[in-house]
Amino acid sequence: MKIIALATALTLAGIGLLTGRATAETGPSDLGNLVWRGGATSRRDVQGRDISPGDLRDRLTVVSFASAGCTILCVTRTMDLDRLARDLPASLRDRVRFLVIGTDPAADDDARLRAFADGLLGPDRRLRFLASDAAETKALAEQLRYPADRLPEPPPTVLLFDRRGNLAMTYGGDPLDAPRLNRDLATLNTFTQGVGQPATPSSH
């Protein structure tokens, strides 16, 4: 399948985020290693709502990056993702979660990042924004092999995680290829045990 081939290509390219599979033997998933660090079991978004691993269990998760002072490309990418999230078909709407991780801890506390999100997308957005501290941002840049001197401008990267929290696809460049992401979401949703396992005949 196309998704498996591209996931393999990511491993060979050394993206640095593929740290293991989500199994009892290997521990945390790729998504867990990205969002929750140091054994944390919960994290709050900029609205003050808890987000735990259970909230994303058996869901596809799309992760992107932003800051309140980011350039027009980052703004456009974030708006495109919100539009895609709102336009998902009913069969996928409850199957996909969208996270936006902040990359400017020196300037963006929860209030500033929330004001950015409210002003850009409105309060009823489907994207959940998470502020980060300096250690989290440094680790993120290292995982993505993103030059630290380009921060706080967010990486022009969108990540797609499968239903087991493993990295399945990465998208780079602007503008966002929304039709491709839509197709990949529909296909990946049929892999109930994650990438590398046989797909089911139809989406769940």
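Taking square-rooted eigenvalues a ≥ b ≥ c of the alpha carbon gyration tensor, is the range 133-185 rounded, prolate or oblate, where a/c under 1.5 means rounded and, failing that, a/b exceeding b/c means prolate? Oblate.
Below 13 angstrom from the Cβ of T192, what's the summed charge of the other residues (Lys, Arg +1; Asp, Glu -1)? For residues surrounding T192, the net value is +3. Net charge in the neighbourhood of A131 (other residues with Cβ under 11 Å of its Cβ; Lys, Arg +1, Asp, Glu -1) is -3. Checking the a/c ratio against 1.5 first, then a/b against b/c, what shape does the Cα gyration tensor give for the range 22-152? In terms of gyration-tensor shape, oblate.
Between R145 and D58, the modelled labels are 3.6 nm apart [label points 7 Å from Cα along Cα→Cβ]. Across the range 135-145, coupling constants 3J(HN,Hα) worked out from phi with the 6.51/-1.76/1.60 Karplus curve, θ = phi - 60°, read 5, 5, 5, 4, 5, 4, 4, 5, 4, 8, 6 Hz, and Gly and Pro carry x. The charge dipole of the range 61-204, taken about the Cα centre with unit charges on the Cβ atoms of Lys, Arg (+1) and Asp, Glu (-1), comes to about 560 debye, rounded to the nearest 20. Rolling a 1.4 Å probe over the protein heavy atoms leaves D124 with an accessible area of roughly 100 Å². Taking Lys and Arg as +1 and Asp and Glu as -1, the other residues whose beta-carbon sits under 12 Å from that of R112 total -4.
In this structure the amide hydrogen of I101, modeled in the peptide plane, comes within under 5 Å of the amide hydrogens of S64, F65, A66, L130, none closer than 5 places in sequence on its chain.
The values are calculated or read from the model by the stated rules, or taken from the named source; none is laboratory data. Here the structure is a predicted model, which is why all the values come from computation and not from measurement. With ideal geometry, Cβ positions are generated from the backbone for all residues, glycine too; neighbour counts draw on all protein chains shown. SASA here: full protein model, heavy atoms, side chains in, ligands and nucleic acids out. Shrake-Rupley method; radii C 1.70, N 1.55, O 1.52, S 1.80 Å.
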